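Worksheet: one structure, shown below.
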Amino acid sequence: MTMTTAARRAAAVTAGALALTIGLAVPALAHVSVNPGSAVKGSWSKLAFRVPNERDDASTTKVEVEFPTDNPLPFVSVRPVPGWDVKVTQGKLPAPVVSDSGDTITESVLKITWSGGKIGPGQFQEFEASVGPLPSKVDELAFPTVQTYSGGEVVKWADPAKADGSEPDHPAPVLKLVAAGDDTAGGHAASPSAAPSVAAVAETSSSDGTARLIGAIGVVVGVAGTAVGVAGLRRRAQ
């Protein structure tokens, strides 16, 4: 096999790897998620529901986030998003729930809906809420989300995790709950009179998204650099 043939095959493999890298990176960033991904049990936390637009020919015009009813959150407040209307739906729970403090809860926030704005193709938006105290007897909370597009398409992000550990097509945003002292958690131990710092957690969320994006770009740039090197070998062979 000549050097030219080898270079051509290497270039083809590199191109395939580049396509595979992009194909793997984009879906990982495209799912609706909650940030931070974990919080301390019993704490207060600011949650940012990150919603990317996955369509090239439509904009996201409404986002509905359902809140847990088996482990309701006693206090929920929302941060205004410029250009978007927000509606907090509060109602009766399917069944009364006894909180960690021993109180019987019969009503709580059931859903938050953001509408009237637009997330265009290639864009994402974060919708924030301060919640607490988080339950201490469960390890995670799911927030099924419904995303509506300008063309009328409705996408439900509500699939539970699969038994084999693989990711479903439309996973529900999940907040992991960890014990106090876990450095990976994003919760803040506070009372209603000492709400968590919005600025501090917002910075964390922003850094998390930026780090993921830079990581994906770095992999793509690295593969592209390999392609350039192969092209150089090919020119030498000629």
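So which trypsin sites (Lys or Arg not before Pro) in the stretch 74-138 pass both tests, a DSSP loop state and at most 16 other Cβ atoms within 10 Å of the Cβ?
K137
So which lysines pass the test for K137, namely a Cα distance under 19 Å, with those fewer than 8 places away in the same chain ruled out?
By straight Cα distance, K137 reaches K41, K176.
With labels modelled as points extended 7 Å from the Cα through the Cβ direction, what inter-label distance (nm, one decimal) is found for D139 paired with A30?
Computed distance between label sites D139 and A30 equals 3.0 nm.
Multiply the residue separation of D164 and T106 by 0.36 nm, subtract the distance between their alpha-carbon atoms, and state the gained length in nm to one decimal.
Contour length minus the Cα-Cα distance gives 17.3 nm.
List the chymotrypsin sites (Phe, Trp or Tyr not before Pro) within the stretch 39-97 that fall in a DSSP loop (any state other than H, G, I, E or B) and whose Cβ has at most 11 other Cβ atoms within 10 Å. Could the numbers behind the result be given before it?
On the way: sites: W44, F49, F75, W84; in loops: W84.
Loop-located and lightly packed - none at all.
Could you give the Stokes-Einstein D for the stretch 32-196 in µm² per second, using the C-alpha Kirkwood radius, 10 °C, 1.306 mPa s?
96 µm²/s
Count charges around N53 for me, please; just the other residues with Cβ under 14 Å from its Cβ, Lys/Arg as +1, Asp/Glu as -1.
-1
None of the figures in this text is laboratory data; all of them are computed from the coordinates on show. Keep in mind that this is a model prediction, so the values were computed, not measured. Please note: Cβ atoms are built from the backbone with ideal geometry, for glycine as well, and neighbour counts cover all protein chains shown.
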